[in-house]
Every structure is written in structure tokens, then in C-alpha cells.
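Enquirer: Before we start, here is the structure in question, set down as C-alpha cells.
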DNA sequence: TCATAAGTTAACCGAATGGTTAGCTTTCAA
DNA sequence: TTGAAAGCTAACCATTCGGTTAACTTATGA
């Protein structure tokens, strides 16, 4: 029996990181707008800087975000590879829920045309 | 700007439910083997029945699992529709990480052939 | 009919979450 | 050179998680 290959703890962290609307919002912002300093990630969500740092820390541990220090700013960006780990879970299990499989395939096919 | 449509709290619950290896294991077992009573979901993970019930409760609140009482058994099964909600997050955001988009598309295309 | 199996509920526990404020260091720019 | 901006760390707090045991209800089958 083939099973989904990937360190379970890593999958845990990826899904957990995405289970919070603020962290998903930060991830989406970084995907859309690219590299951002900490304080700009905190502002739109109305949380303190230490609060934002904790969220970014969770995303970093999940391998979804990485940061680099530049001067007094800490610039964060998305590492898409780690998102694939989580997406991979759905890829693999899609075989069991063909309805969703059809839909996933259709949506992706449409995007490919554009 | 188009954004990912779905109640954020619902997406939260779906990702959170999948962020635990035991809950993913239960989900996978139900996908593979179909309907199972509570106690059979508890056994392979070496946890107590109340422990398993809590996990199933989380999966139910996320809409991933539903249960029906039959005699003294409580039979659980996967509701694939709710998994689509979480998969949909990746579907939508795949546009921003074209590498993963390519990969997702390729994997799904292969499955389609079979 | 009655012991037992399956499930539920409640209470408990330590650890982790998600947020804060206060105080520190580092860097920039006037 | 020095004040302010950006970030980091630590401490704190209420709540939730993930698990347990104990006690209860309901259904089964000998």
C-alpha cells in the first residue's frame, strides 16, 4: 500500500500554520505583494509587533515563510515549496474522493488555459 | 481584487482538523476503508475511546466527518465536500506559486488518465 | 434477563495558543 | 550625536488542546 510520503510532523506544522486566519492572511499578502517587513505584516491585522512575530515564527517553523535581516528591517517572504507539502496531502488523497478530484482537475485546467 | 471565497472560520476549522497526525490518520482510514465505528478508529492510534471521540468531534465540526448511530455503534464516514474547502485554498492561491501549480496540474492530469 | 460491549459525559491535567505590555538592542537619519 | 524607528525577548494571562479515568446509558446476545 502506497501512503502519503512526508514527515508527518512537517505536515502537522504546515496545516497548523494555515489553520489561523491571520497567518493565512499574512501568507496571502506575501504571495500577492512579495517581501514585507514585520511591521507591515502586523498593521493590517491590528495586532502588536510581538504578536505578528509569533505568527511569522509559526509560519517559519512550518517552512512556509523565511526572513532576512536588512538594516533594521526584517524582510519576510513566502517559500512556496513548503506549501506544496500541504497541497501534496490533497493531491495524494484526491484519489479517494473523485468528486473533488474532478473539481480540482477542472479548476486547474482552466487556470492553465489563461 | 478577487479573494478566496469561503467563511474564514470554516477554513480555520478544516486546516486545524488536518493539523494533527491522528486526525489525518483517521480521515485517511475512513477514505480508504469507508464507514467505521468509533472504537475501530480509536484502536490503531492507541488512544482511549473518549480521546478518539474528541478527535472525531473536531473532524465533525470541520465538516470533514459525519456519523450515524446504528444500534450501539456510531458509524463515522468522510464527507469529501468539506475537504474541498481546504483544497480550495490551494486551488485559489496556486496562481501565485506557479511552480506548485505546474506540479499540481501534472499530478492530477496523470490520475485522470487512469 | 442480565452481563457485557459500545458509546457518552464530566472532570481533571499539563502543555501549547494567541494575545498583551515592558524593557532591551540595533540601526537610521537629522 | 542623539532621538526615534524597528525589532527582539521575557513575562504574563486566559483559553484551548490532547489526553486521561470514572461513572453513566443504551443495545446485544447468550
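The values are calculated or read from the model by the stated rules, or taken from the named source; none is laboratory data. In this text, all values refer to a predicted model and were calculated from it rather than measured experimentally. Neighbour counts are summed over all protein chains in view; Cβ atoms, including those assigned to glycine, are modelled from backbone coordinates with ideal geometry.
Enquirer: Could you run through segment A:36-90 and say how many residues are touching a strand residue (DSSP E or B) at 6+ places or on another chain (Cβ under 9 Å) and in contact (Cβ under 8 Å) with a residue 60 or more places away in the chain?
Expert: 1
Residues are listed down the side, and each one gets a yes or a no for (1) at pLDDT 90 or above; (2) within 25 Å of residue A:28 (Cβ to Cβ); (3) touching a helix residue (DSSP H, G or I) at 6+ places or on another chain (Cβ under 8 Å):
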| position | (1), (2), (3) |
| --- | --- |
| B:35 | yes, no, no |
| B:39 | yes, no, yes |
| B:73 | yes, no, yes |
| B:99 | no, yes, yes |
| B:111 | no, no, yes |
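Enquirer: Quick one: count up the residues across segment A:41-58 that are closer than 20 Å to residue A:80 by Cβ and within 13 Å of DNA strand D (Cβ to nearest atom).
Expert: Residues that pass the stated criteria total 4.
Enquirer: Now a separate question. So which residues in segment B:11-37 are surrounded by fewer than 15 Cβ atoms within 10 Å (Cβ to Cβ) and more than 7 Å from chain A (Cβ to nearest Cβ), if there are any at all?
Expert: Within segment B:11-37, B:33, B:34, B:35 meet the criteria.
Enquirer: Would you check which residues across segment B:45-84 are loosely packed, with under 13 Cβ neighbours inside 10 Å and more than 13 Å from DNA strand C (Cβ to nearest atom) and list them?
Expert: The one that is loosely packed, with under 13 Cβ neighbours inside 10 Å and more than 13 Å from DNA strand C (Cβ to nearest atom): B:46.
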